[in-house]
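Worksheet: one structure, shown below.
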Amino acid sequence: MSALGALVLTASLAAATAADFKMVVNSANPVTALPRDTVNRMFLRKTTTWPNGQTVAPVDQHTNAPSRRAFSKAILGKEPAEIAAYWNQQIFSGRALPPPAKPSENEVLAYVRDNPNAIGYVAADTKIGEGVKIVAVLD
């Protein structure tokens, strides 16, 4: 019975990860929703521009943030350590640099507020405030 309970708990945790964070953009950005694959490509620097041609400026949470783990699993489909390995390969090959990582939710929000082309994520219970808006992620 305990193995079954662990399986159910694991499935519940995996399903809840997308609810552990919210995507945010600058309030001047006309985007209100983005497909999950587009967000994935923006954060892996495979898509580098918004539909209006402006350069996308993704911003990450610090490495140990629970919202970063949830985002990595739900949007990037990998654990943070796997994403770190991806960035090591990109850097070593000279292809791309990872998004900057901010040490707090408030610093992510400030980055997004100050940059009209920014996209980031914060914990689901974070108060957003002016200059930033939530963007829906579509499957």
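Structural remarks
- Just one of the listed residues (41, 45) is surrounded by 13 or more Cβ atoms within 10 Å (Cβ to Cβ) and either in contact (Cβ under 8 Å) with a residue 24 or more places away in the chain or touching a Phe, Trp or Tyr at 6+ places or on another chain (Cβ under 8 Å) (or both), namely 45.
- Taking segment 80-110 as the range and being closer than 20 Å to residue 122 by Cβ and part of a loop (DSSP other than H, G, I, E, B) as the test, the residues that pass are 98, 99, 100, 103, 104.
- Scanning segment 31-68 for residues that are farther than 15 Å from residue 86 by Cα and part of a helix (DSSP H, G or I) turns up 36, 37, 38, 39, 66, 67, 68.
- Condition met for residue 81 (small (Gly, Ala, Ser) and modelled with pLDDT of 95 or more): no
- In this entry, residue 15 passes the filter for residues that are modelled with pLDDT under 95, among the small types (Gly, Ala, Ser) and either surrounded by fewer than 18 Cβ atoms within 10 Å (Cβ to Cβ) or part of a strand (DSSP E or B) (or both).
- Residue within segment 116-132 that is surrounded by 15 or more Cβ atoms within 10 Å (Cβ to Cβ) and in contact with a Leu (Cβ under 6 Å, 6 or more places away or on another chain) present: yes
The values are calculated or read from the model by the stated rules, or taken from the named source; none is laboratory data. Here the structure is a predicted model, which is why all the values come from computation and not from measurement. FYI the Cβ positions are ideal-geometry reconstructions off the backbone, even for glycines, and counts take in every protein chain you see.
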